[in-house]
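For reference, the structure discussed in these notes is given below.
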Amino acid sequence: MAVQNADIARIFDQVADLLEVRGDNPFRARAYRNAARTVGEWGENLSEVLSKTGHLPRIPGVGTDLDGKIREILSTGRLSTLEKLREEFPPHLTELLSIPGLGPKKVRAFYEELGIQDISGLHRALLDHRIAGLRGFGPRSEERLIKSVEARLAKVRRYKLATAAQYARPLVTLLTGVRGVREVVVAGSFRRRKETVGDLDLLVTTEDPEPVVGRFVSWEGVERVLASGSTKASVVLSSGIQVDLRVMPPASFGAALVYFTGSRAHNIALRRLAQDRGLKINEYGVFRGKNRVAGETEESVYRILGLSMIPPELREDRGEIQRAARGPLPALVTLPDLKGDLHAHTRWTDGHNSVREMAEAARDRGWSYLAITDHSRRLTMVHGLGPAELREQGEEIDRLRPLFPGLSLLKGIEVDILEDGQLDLPDQSLLSLDLVVGAVHSKFSLSRADQTTRILRAMDHPRFNILAHPTGRLIGEREPYDLDMLRVLRKARERQVALEVNAHPERLDLTDVYCRMAKDEGVLLAINSDAHAPGEFDNLEWGVGQARRGWIEASDLLNARPLGELLDFLRKKPSKTRPEGPAGSG
DNA sequence: GCCGTTTTCGGCCCGACTGTTTTCAGTCG
């Protein structure tokens, strides 16, 4: 069982937790924390890199010592440093750190003074009123902690981006209506278009903060107020999501927007850069001594640091700052760049609308093309199409085409990739189509080797054009299947296959990291809605966000190309050899 | 524990809010 980067990250995070509780050098703990984040987001599997090349790549924040510790984890699956630290504390003590309001100092006090070892121990101590007697704790702490612990026992969650957007909308409307308000922006990970968000961060600019905070905390959708000051407040909505509000003067809008958009790591890197230049940066502006020298716009903040403007989706401290110091960042893809959608369903299988209705919606969006890609026969529960039904659907498309002069309706299929890598329709059927989208809908638990071989084989089929939702994950519901993505990408380039960025809010598959990896490997992507109704074309917005997080430009996208170029790509040259045999069966 | 073209030692991001404190530590984002 190969060690994943996430395993290394988890171990480093645990070391950091324990170092903090122990009261060790805080910068040492931070070093582990930083390394955990960087390694956890590292694009290539470090275990594989090490076995192939004999050394680890140069990873920022990983020096000689942590390099050695990563090697130890890769070879043994454990870290002796962590094991030793664990001996000093009860095994579940660090779980307490996940409770809002509890940090390392308090957790340590609970342990040393009351012998509390885990969350249920804390719960008992709270109910016995033992906590309120501790130095630094009073009845208010007790009351808050009881709520937090009980909420924690009821499990916290993250929200899909599209879900968070629904909760944000009425609040933006509410605050925009307060007299004197200039700007209302949902910042934080929402603005960075992360696939899930833990809470919503609202930034409001006005000269008169009080009525804004007042309106916010008294809104009918608020279930409880966690904190409320003159310029800052936190609430939990009845939907369960936490919303943090910050009110700032208009002159600080840009600096505040940078600050509250994050990410945390990006902000820390910016402030370091500011220090090097003798500047100080905070949410009010950029300062030289006591003079504010920038801050009204985001551009001004970046400019004074010697950086070109960095789009929110790139602000993860994954090289965007170094790149912005050298010149403009890539012009990331935008929704209007898309010239069509290459993955959509109709009533022929599990869609809710006719081909005609889907085509009308596509035309109304001004697209040049729309591919109809219903399921193949293997998916019996949705009445997947066999050769005869596919032919009939093709005839319907032929009849509709004259009605849509500006829109090319493409005949396609979302064909199942069977367990052995064959496609779920005969070659003859596939040859009659404009494009073939292939997807895995079964046997998710194959080994990494078998799953990879299965998909590589399918991609060898001469009609295979797009690999749909390449890892099969459903956010919060189903883990991705195990896959050697690098081999898939290299095969895709070799076989002229595009990979999909499925824009459905539950999928967003590929991830941002894989998007960037695909770009590095020279593989084209297609941002597709997988729409089952015309309204779901709107989901493309989330796919675009995901692609932007992966540094994707219009030139990296198959469906940002004009029709002629798209068709050229789809009509790829037949391969000279078919080393793994015909993939389509009879 | 990391890092460095002012540095291989001595730094390491910054401010608001809370609760308990009587001047501030801890936590959070």
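Each row is one residue, and each column tells you yes or no for (1) part of a loop (DSSP other than H, G, I, E, B); (2) in contact with a Phe, Trp or Tyr (Cβ under 9 Å, 6 or more places away or on another chain); (3) at pLDDT below 95; (4) within 19 Å of residue A:43 (Cβ to Cβ).
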residue: A:481; (1), (2), (3), (4): yes, yes, yes, yes
residue: A:500; (1), (2), (3), (4): no, no, no, yes
residue: A:517; (1), (2), (3), (4): no, no, yes, yes
residue: A:523; (1), (2), (3), (4): yes, no, no, yes
residue: A:527; (1), (2), (3), (4): no, no, no, no
residue: A:544; (1), (2), (3), (4): no, no, no, no
residue: A:548; (1), (2), (3), (4): no, no, no, yes
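Is it the case that region A:484-491 has a residue that's under 26 Å from residue A:562 (Cβ atoms) and touching a residue at least 24 places away in the same chain (Cβ under 8 Å)?
Filtering region A:484-491 down to residues under 26 Å from residue A:562 (Cβ atoms) leaves A:489.
Checking the rest, the ones that are also touching a residue at least 24 places away in the same chain (Cβ under 8 Å) come to A:489.
Yes, there is a match, as at least one residue in region A:484-491 is under 26 Å from residue A:562 (Cβ atoms) and touching a residue at least 24 places away in the same chain (Cβ under 8 Å).
Is it true that residue A:124 is more than 11 Å from DNA strand B (Cβ to nearest atom), charged (D, E, K, R) and either under 25 Å from the mean Cα position of the chain (by Cα) or closer than 23 Å to residue A:218 by Cβ (or both)?
Against the criterion (more than 11 Å from DNA strand B (Cβ to nearest atom), charged (D, E, K, R) and either under 25 Å from the mean Cα position of the chain (by Cα) or closer than 23 Å to residue A:218 by Cβ (or both)), residue A:124 does not qualify.
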Subset of region A:64-110, residues β-branched (Val, Ile, Thr) and within 11 Å of DNA strand B (Cβ to nearest atom), comes to A:64, A:70, A:81, A:99, A:107
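Determine, yes or no, whether residue A:204 is surrounded by 14 or more Cβ atoms within 10 Å (Cβ to Cβ), touching a strand residue (DSSP E or B) at 6+ places or on another chain (Cβ under 7 Å), of a type outside the set (Phe, Trp, Tyr) and at pLDDT 95 or above.
Values: surrounded by 14 or more Cβ atoms within 10 Å (Cβ to Cβ): yes; touching a strand residue (DSSP E or B) at 6+ places or on another chain (Cβ under 7 Å): yes; of a type outside the set (Phe, Trp, Tyr): yes; at pLDDT 95 or above: yes.
Judged against the criteria, residue A:204 is a match.
Considering each of A:142, A:150 in turn, give the residue that is more than 30 Å from residue A:2 (Cα to Cα), of a type in the set (Asp, Glu) and more than 14 Å from DNA strand B (Cβ to nearest atom).
Working: A:142 fails: more than 14 Å from DNA strand B (Cβ to nearest atom).
Just one listed residue meets the conditions, A:150.
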Working carefully through the options A:203, A:127, find the one that is in contact (Cβ under 8 Å) with a residue 24 or more places away in the chain and over 23 Å from residue A:506 (Cβ atoms). A:203
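Listed residues A:258, A:236; which is crowded, with 17+ Cβ neighbours inside 10 Å, more than 19 Å from residue A:312 (Cα to Cα) and more than 8 Å from DNA strand B (Cβ to nearest atom)?
Details: A:258 fails: more than 19 Å from residue A:312 (Cα to Cα).
So the residue among A:258, A:236 that is crowded, with 17+ Cβ neighbours inside 10 Å, more than 19 Å from residue A:312 (Cα to Cα) and more than 8 Å from DNA strand B (Cβ to nearest atom) is A:236.
Kindly indicate whether residue A:200 is closer than 20 Å to residue A:101 by Cα and more than 11 Å from DNA strand B (Cβ to nearest atom). Write out each step before concluding.
Numbers: closer than 20 Å to residue A:101 by Cα: yes; more than 11 Å from DNA strand B (Cβ to nearest atom): no.
When the stated conditions are applied, residue A:200 does not pass them.
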State which residue pairs qualify: first residue closer than 15 Å to residue A:268 by Cα and away from DNA strand B (no atom under 11 Å from the Cβ) and inside region A:279-293, second residue among the polar types (S, T, N, Q) and assigned to a strand (DSSP E or B) in any location, beta carbons under 9 Å apart, and separation of 6 or more residues or different chains. none
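If we scan region A:208-231, do we find a residue that is touching a Gly at 6+ places or on another chain (Cβ under 6 Å), surrounded by 13 or more Cβ atoms within 10 Å (Cβ to Cβ), more than 25 Å from residue A:140 (Cβ to Cβ) and not acidic (Asp, Glu)? Reasoning before the result, please.
Applying the first criterion (touching a Gly at 6+ places or on another chain (Cβ under 6 Å)) to region A:208-231 yields A:208.
Restricting the remaining residues to those that are surrounded by 13 or more Cβ atoms within 10 Å (Cβ to Cβ) gives none.
Scanning region A:208-231 turns up no residue that is touching a Gly at 6+ places or on another chain (Cβ under 6 Å), surrounded by 13 or more Cβ atoms within 10 Å (Cβ to Cβ), more than 25 Å from residue A:140 (Cβ to Cβ) and not acidic (Asp, Glu).
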Take the residues in region A:297-339 that are in a helix (DSSP H, G or I) and hydrophobic (A, V, I, L, M, F, W, C), then tell me which one is nearest to residue A:527 (Cα to Cα). A:335
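Please count how many residues of region A:56-96 are assigned to a loop (DSSP other than H, G, I, E, B) and touching a helix residue (DSSP H, G or I) at 6+ places or on another chain (Cβ under 9 Å).
Taking region A:56-96 as the starting set, the residues that turn out to be assigned to a loop (DSSP other than H, G, I, E, B) are A:56-63, A:77-79, A:88-92.
Cutting the leftovers down to touching a helix residue (DSSP H, G or I) at 6+ places or on another chain (Cβ under 9 Å) gives us A:56-57, A:59-63, A:77-79, A:88-90, A:92.
Here the count works out to 14.
Looking only at region A:128-186, which residues are polar (S, T, N, Q) and surrounded by 13 or more Cβ atoms within 10 Å (Cβ to Cβ)?
So the first thing to find is which residues in region A:128-186 are polar (S, T, N, Q), and the list is A:141, A:148, A:163, A:166, A:173, A:176.
Result: A:141, A:148, A:163.
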Can you pull out the residues in region A:213-228 that are under 10 Å from residue A:174 (Cβ atoms) and either touching a helix residue (DSSP H, G or I) at 6+ places or on another chain (Cβ under 6 Å) or touching a residue at least 40 places away in the same chain (Cβ under 8 Å) (or both)? A:215, A:216, A:219, A:221
Screening A:16, A:2, A:6 for residues that are under 26 Å from residue A:153 (Cβ atoms) and surrounded by fewer than 16 Cβ atoms within 10 Å (Cβ to Cβ) leaves only A:6
Filtering region A:27-54 down to residues that are in contact with a helix residue (DSSP H, G or I) (Cβ under 6 Å, 6 or more places away or on another chain) and polar (S, T, N, Q) yields A:47
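Residues that are in a helix (DSSP H, G or I) and within 15 Å of DNA strand B (Cβ to nearest atom): does region A:39-55 have at least one?
We begin by selecting, within region A:39-55, every residue in a helix (DSSP H, G or I); these are A:39-40, A:46-53.
Filter once more, keeping what is within 15 Å of DNA strand B (Cβ to nearest atom): A:39, A:46.
The answer is yes, given that some residue of region A:39-55 is in a helix (DSSP H, G or I) and within 15 Å of DNA strand B (Cβ to nearest atom).
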Among the residues of region A:514-536, how many are in contact with a helix residue (DSSP H, G or I) (Cβ under 7 Å, 6 or more places away or on another chain), within 14 Å of residue A:343 (Cβ to Cβ) and without any contact (Cβ under 8 Å) to a residue 40 or more places away in the chain? 1
Of the conditions (1) loosely packed, with under 14 Cβ neighbours inside 10 Å; (2) within 12 Å of DNA strand B (Cβ to nearest atom); (3) polar (S, T, N, Q), residue A:189 fails just one. Which one is it? (1)
Is there any pair with a first residue in region A:262-274 that is near DNA strand B (Cβ under 8 Å from one of its atoms) and a second that is not in a helix (DSSP H, G or I) whose Cβ atoms are under 7 Å apart and which are 6 or more apart or on different chains, and what are they? A:262/A:192; A:262/A:315; A:271/A:281; A:274/A:280; A:274/A:281; A:274/A:286; A:274/A:305
Find the residue count for region A:395-422, including only residues that are within 21 Å of residue A:528 (Cα to Cα) and part of a helix (DSSP H, G or I). 1
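Each row is one residue, and each column tells you yes or no for (1) assigned to a helix (DSSP H, G or I); (2) of a type in the set (A, V, I, L, M).
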residue	(1), (2)
A:125	yes, yes
A:136	no, no
A:165	yes, yes
A:169	yes, no
A:172	yes, yes
A:201	no, no
Check A:388, A:361 and return the single one that is among the aliphatic types (A, V, I, L, M), under 29 Å from the mean Cα position of the chain (by Cα), surrounded by fewer than 22 Cβ atoms within 10 Å (Cβ to Cβ) and in a helix (DSSP H, G or I). A:361
Is it the case, given these coordinates, that residue A:511 is touching a Pro at 6+ places or on another chain (Cβ under 6 Å), polar (S, T, N, Q) and either without any contact (Cβ under 8 Å) to a residue 12 or more places away in the chain or under 30 Å from residue A:353 (Cβ atoms) (or both)? no
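Collect the residues in region A:23-38 that are more than 7 Å from DNA strand B (Cβ to nearest atom) and among the small types (Gly, Ala, Ser), keeping them in residue-number order. I'd like the intermediate steps shown before the answer.
Keep residues of region A:23-38 that are more than 7 Å from DNA strand B (Cβ to nearest atom), which gives A:23-24, A:26, A:29, A:33-34, A:36-38.
Scanning region A:23-38 gives A:23, A:29, A:36.
The values are calculated or read from the model by the stated rules, or taken from the named source; none is laboratory data. Given the structure is predicted, the values throughout are model-derived calculations rather than measurements. Reconstructed Cβ throughout: ideal geometry from the backbone, glycine too, with neighbour counts over all protein chains shown.
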